[in-house]
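Some notes on the structure that comes next.
The values are calculated or read from the model by the stated rules, or taken from the named source; none is laboratory data. Just so you know, these numbers come straight off a predicted model, no measurement behind them. Reconstructed Cβ throughout: ideal geometry from the backbone, glycine too, with neighbour counts over all protein chains shown.
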Amino acid sequence: MMTALILLAQGCEELEAITCIDLLRRGNIKVTVAGLSNQTIIASRGVKIEPDITIGEIKNKIYDMVILPGGLPGADNLNASNEVHELLNNHHKNNKWLAAICAAPKVFAKAGFLNNRNYTCYPDSVNEIDLVSSRYLVDAVVVDDNIVTSRGPGTAIDFALKLIELLSSEEVKDVVEQQLLRS
């Protein structure tokens, strides 16, 4: 079974976090939700989310994918965490999938993961001046090598479905999408 780690910080975007958790689990992917601490996460609109574990407890474990929901100040809180950056660097060195949506691609930008890549994010959440030879796209979801980025709450379903496809298959993604009655 493929594994995904979703990192949550205080002030995360709940629509992005819950959509990823829910849809990946529907796609039979083992999802672990980690907080920066053992506190209940209070998302940007007041929704409370209980993490399964803290980042400190799993910082040396390798997952098939690490996912960062956006939202503010959630993305800034993730970006300020040395533990988050260490975990991401470890996964990047192991060529694992890294995925971020909304404002969270700023964490990838700080780590240098967006250099020489195509990416997307919530408009103006990443300082493009700091990126080397990168290209911002307005697509809902952008995949460049092992980096997946998405624009924001309105693209959360597309983002989660793409993550299912990457971790499992297009067939599994299609089954999950059909169950959602999107069309």
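What to note about this one:
- V143 being β-branched (V, I, T), over 20 Å from H85 (Cβ atoms) and at pLDDT 95 or above: yes
Results for (1) closer than 26 Å to R25 by Cβ; (2) modelled with pLDDT under 95; (3) part of a loop (DSSP other than H, G, I, E, B), shown as yes or no for each residue.
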{"residue": "N77", "(1), (2), (3)": "yes, no, no"}
{"residue": "V84", "(1), (2), (3)": "yes, no, no"}
{"residue": "V138", "(1), (2), (3)": "no, no, yes"}
{"residue": "V148", "(1), (2), (3)": "yes, no, no"}
{"residue": "T155", "(1), (2), (3)": "yes, no, no"}
{"residue": "L166", "(1), (2), (3)": "yes, no, no"}
{"residue": "E177", "(1), (2), (3)": "yes, no, no"}
{"residue": "R182", "(1), (2), (3)": "yes, yes, yes"}
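- Filtered residues of region 82-96 (kept if surrounded by fewer than 17 Cβ atoms within 10 Å (Cβ to Cβ) and either polar (S, T, N, Q) or closer than 21 Å to E128 by Cβ (or both)): N82, H85, N89, N90, N94, N95
- Candidates are the residues of region 115-133 that are over 14 Å from the mean Cα position of the chain (by Cα) and crowded, with 17+ Cβ neighbours inside 10 Å; the one that is nearest to L167 (Cα to Cα) is R117.
- Test result for A99, buried (at least 17 other Cβ atoms within 10 Å of the Cβ), of a type in the set (A, V, I, L, M, F, W, C), under 12 Å from the mean Cα position of the chain (by Cα) and not in a loop (DSSP other than H, G, I, E, B): yes
- Those residues of region 104-153 which are farther than 20 Å from K93 by Cα, touching a residue at least 12 places away in the same chain (Cβ under 8 Å) and among the charged types (D, E, K, R), in sequence order: D130, R135, D139, R151
- G56 vs. criteria at pLDDT 95 or above and touching a Gly at 6+ places or on another chain (Cβ under 8 Å): no
Quick grid of which residues meet (1) under 19 Å from T149 (Cβ atoms); (2) touching a residue at least 24 places away in the same chain (Cβ under 8 Å):
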residue	(1), (2)
L7	yes, yes
R26	no, yes
N38	no, no
A43	no, yes
I55	no, yes
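- Test: residue in region 102-113 that is among the charged types (D, E, K, R) and surrounded by 14 or more Cβ atoms within 10 Å (Cβ to Cβ): yes
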